[in-house]
Structures are given as structure tokens and as C-alpha cells.
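The values are calculated or read from the model by the stated rules, or taken from the named source; none is laboratory data. Remember, it's a predicted structure, so these values are computed and weren't measured experimentally. Cβ atoms come from the backbone with ideal geometry, glycine included; neighbour counts cover every protein chain shown.
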Amino acid sequence: MIPGILAIDIGTSSCKAAVFSLKGDMLALGKGRYSLLFPKEGYAEQKPDEIYQGVCEAVCHLERQGIELSEIQAISFSAQIAAQCLVDSRGKAVTNLISWMDMRAWDEALEFTQKFSKEETEYLTGVDMVVTPAYSIAKLRWLHNHERGLLEMAARFVQIKDYVIYHLTGCWVSDAASLKGLVHAETGKAVPEIMTFIGESPELLPKVKKPYEIAGYLKKGVRGFEQLPAGIPVIVGWNDMNAAFLGMGALTGSCIGMDLTGTSEHLGCVTLRKRIEQKAYEGLNRVPFLDGREVFYGVTSSGGQAVEWFVKDMLGEPDVKAYFERLFERPKGLPLAEEQGPIFLPYLEGERNPWNNRDARGVFFGLNRSHRQPELALSVLEGVCFALRTIYDRLPQLPEKVVISGGASFNEVWNQMKADVMNVPFVRLETSEAGCTGAAILAIAALHPKKTVEELAGGLFRPAKVYWPDQKRHLIYEKKYQSFLRLYHNLEPLFGKQQCHNEEEL
């Protein structure tokens, strides 16, 4: 088959470049990696040029696989958001990318929530969101308060997707979902009241287009893209969650559950838009989607990074996937859903939804001398499941099934555990590259405007396996989940105190 679409998914620590036919079949996949920097406590940054190099590396891997890049007809993107940098008029980064993991803007986030109620925020922006230091509003306000000199040098405040698109096309373009909070979700126009709060001009923001519109056209001889034909359209693309949800079949039903695994983990549901009171989903976010639908979701900071911490940092194992494959290949297997097993609070770096608690920390509770590495590994998986359950319980409408994708969807035991904990079927797709799939759907829609995004997305929904909940295990997990909640709430008053170094404060 002749290649048609180059879909690039820019994640937190790696990126993927996939080639799709115009029928939506993935033909090849390339990968690139880059680093996270932690220059100070609470800071998390990345170098934009290093990420761009990672994108080039992923594209280069495709060429090594024999893919005819000269046959590519369009480029599209999915990318992490809440990760921004300042750039000058030539597109050169003035600052590092401030990651979604960065916590420096807590005071600015608190200042915003004290000034704007949730109702007012939703009215102004078109989204109902829990503003944390990860959000663009808090970060740009922090830059205004602490880096005024850098702001004077800057021409734009951009996401990493915008940065890459600019270097491909010379155009500063983004989408409304990626600029959530700074622009209105429906109109794409900058929100005057919020820009006044930040203290900066709307001119800092890139132009806003729909995710399936053309941002610009590939310039000739762009580094890393020399083999692609100049002049092909570059599609605006979408933020990683929305693009992945699109690729996971979000438009195939009236209420579809979504679990996007990764460094963090997004859990939510895509429903037909209707009137729902805010108290029905307290602690979660609500954003518009496509075709009269909206998304209710939460993000746990305790997904893949908690598992990687245990496997790589604590055990010194280089490969998370290989470790769990070995662990679960034992002749007798591991006992699942042990009511008396250890409980793990996975909040290693605080938590976003639903608690919005920067002071929350990780805990192993209930250890005894019989516990060994396998039991602790199992409790880590359970702990992340319970953190997700705190989000799931707050969805205003519980879905009939939850579609799962992302790097951790390879883990059969973990998929089954999620189904048992949530007591709902989990559906794994044929591919774990939902972000690339969603980006490809947007590009195909741009090339074929007579076909709707919904029609294209429905044709690419390809389930591979269903994990049905086991009622016996669910009852055991239900008791353990209640213990998990009691443990968190009982420790909650102590989390902040552990940060104190003055004994009198303790």
C-alpha cells in the first residue's frame, strides 16, 4: 500500500511517528526519545530542540524501514499539552519547555482560583477545569511575575506541537483544546479577562484553528523532513488526550469510557452534550469534543511513572514490560485480589484529579515479613487502579465499557485488574498507538472534507480483546479500595507536614 499520512505523537519522554494509508491502516512506526530536566525541586523542564531532534529520529526510523517518505501526502500531530515555552520572533526558544509535571506555579494557580470561581471560569473559557500549576494560565502568570525580562524578549508562548509546526511551515498555529483556559473552547479567541489577570497581551498566543484544518505547508529542505515532498499540508492536530480518545473510538457510542495510559493516566468518558450540574463531577474536568460531544475526565499523576519508579528506580530493572512478563509467567501465577495484601498509595509527586493535592505522597501500608517483591509489584498496580477508581466514581455517567490504549495496555494482568476494580468491561485495541491513529483521522478528514470525522473514526475502531470483570475479585477489591480511601484521608493532614524541616512546626 502507498503511504498517505505521517502522524506524529509527541509524548512526555518519547515521540512516535507512524505512517498510515489513506484507508487508516498503520504501515510502520518509528520512535524517538528525549530527556526531562529537574533543575530545582518542583521544576520539570525539557529542551524544545531536543524534542524536535527526537521527532526527526522517529521519522528517520521510518526511512530505515523502507518507507517511501516521498509518497507522504500530509503530516498531522498529537502532542502533550500543558508544556509550553517562550520563543522569539525567529522561532528560537527563549526558555526551556515548562512541563506539565512542573509545580512552580502553585501560588499563581491558587491566586487564579481565588479570583475566578469555577462557574465564571467555565463561562469565560467554555471548559470546566480544575486549574493547577500544570495549566497555561498559571505558568504564564508565573513568567509574568518572575521572568519579565524573558517575556520582553518573547514573541509567542507556545506548546511543543506549535513549535514543531512552525519549524515545518513558518506558521504559528494551535488548536483551542491545546490552549485550554487561554482561549474560548468554541470560538478560539483569547479570553480578555484571563489575559488581563496574567498581565500579558493576547498577541503572545498563536493563531487558533480546528484540529482537522491545515496549519500550513511543508517548507523545502526542513531538517529531518528532507525526504518528504515540499508543499504537502501540515494539519493542526490535537492535544494528546483528545487525539487518543478519537483514535480509541470516542465517536462510536453515546457514552464511551476511555483509559489512556502513559507517564500520567487519563480516565474519562465521552458523552453526548447535555445539561449536567458541576457537583455531579466534582474534582474532574469537562471540555468540548467533536460532533455534539464532550469529555469528562481526570488525570492521575500516578500512572506509568509510579510503576516505572518501582521497577526501574527501586528494583534496577531496565524494562518495565519485560519485568512484568517475567513476573506473570511463573508456573502458578500470582494470587490476585488478596484482601490482606499491602496497600500502595501511588502519589509520589502529589496528585491532580480528583484531590488536587500537591503534598500527597506514596505509601506502602500493611507490610509483613511474608511479603516479597512480587506482592509489592502487585500492590503498585493495584494502587494505580485505585487512584483511577477515585476518578471513575466521579464521572457523571458511568460507561458501558472502557476502551484502553497507550503503553501500559500491553499488561494483561493490569487490564483485568482495572476491569475488576471498576466492575466494567475493559476493551483493548489492536494498536496501542491511539494518539497517532487520532492524528491520522484528522489528516484524512482534512484531505477528504466530504467525509466526516465521525465516519472515519468509526471505520478505524478495531477492538482486540475484552476483559470482563470477575465478581468475586471485584468484591475483594471493593473492600480493599475502601481501605485505600480511608488510608489516604487519614494521612492527608500529615502529608504537608512532612515537608517541614523545622521541628517546632511539626
Practice problem: State all residues of the range 475-496 that are of a type in the set (D, E, K, R), over 19 Å from Ala419 (Cβ atoms) and without any contact (Cβ under 8 Å) to a residue 60 or more places away in the chain; if no residue qualifies, say none. | Solution: Arg486
Exercise. Answer yes if at least one residue in the range 304-319 is at pLDDT 90 or above, assigned to a strand (DSSP E or B) and acidic (Asp, Glu), and no otherwise.
Key: no
Exercise. Determine which member of the set Glu120, Glu186, Glu203 is outside the structural domain of Trp355 (by TED's automatic domain parsing), out of contact with any Gly (no Cβ under 9 Å at 6 or more places or on another chain) and within 20 Å of Asn285 (Cβ to Cβ).
Key: Glu120
Exercise. Identify the residue in the range 219-246 that is under 16 Å from Leu447 (Cβ atoms) and among the β-branched types (Val, Ile, Thr) and, among all such residues, is surrounded by the fewest Cβ atoms within 10 Å (Cβ to Cβ).
Key: Ile232
Quiz item: Does the range 89-110 contain at least one residue that is acidic (Asp, Glu) and surrounded by 21 or more Cβ atoms within 10 Å (Cβ to Cβ)?
Solution: yes
Quiz item: In the range 384-489, which helices (runs of 4 or more DSSP H) lie fully inside it and hold 1 or more residues that are closer than 20 Å to Thr263 by Cβ?
Solution: 412-422, 434-447
Practice problem: Considering each of Val130, Val158 in turn, give the residue that is more than 17 Å from Lys189 (Cβ to Cβ), touching a residue at least 40 places away in the same chain (Cβ under 8 Å) and either outside the structural domain of Ser78 (by TED's automatic domain parsing) or touching a Phe, Trp or Tyr at 6+ places or on another chain (Cβ under 9 Å) (or both). | Solution: Val158
Exercise. Take the residues in the range 373-393 that are crowded, with 20+ Cβ neighbours inside 10 Å and among the aliphatic types (A, V, I, L, M), then tell me which one is farthest from Glu317 (Cα to Cα).
Key: Ile391
Self-check item: Filter result (on the phi < 0 side of the Ramachandran plot, crowded, with 17+ Cβ neighbours inside 10 Å and not in a loop (DSSP other than H, G, I, E, B)) within the range 349-362
Solution: Glu351
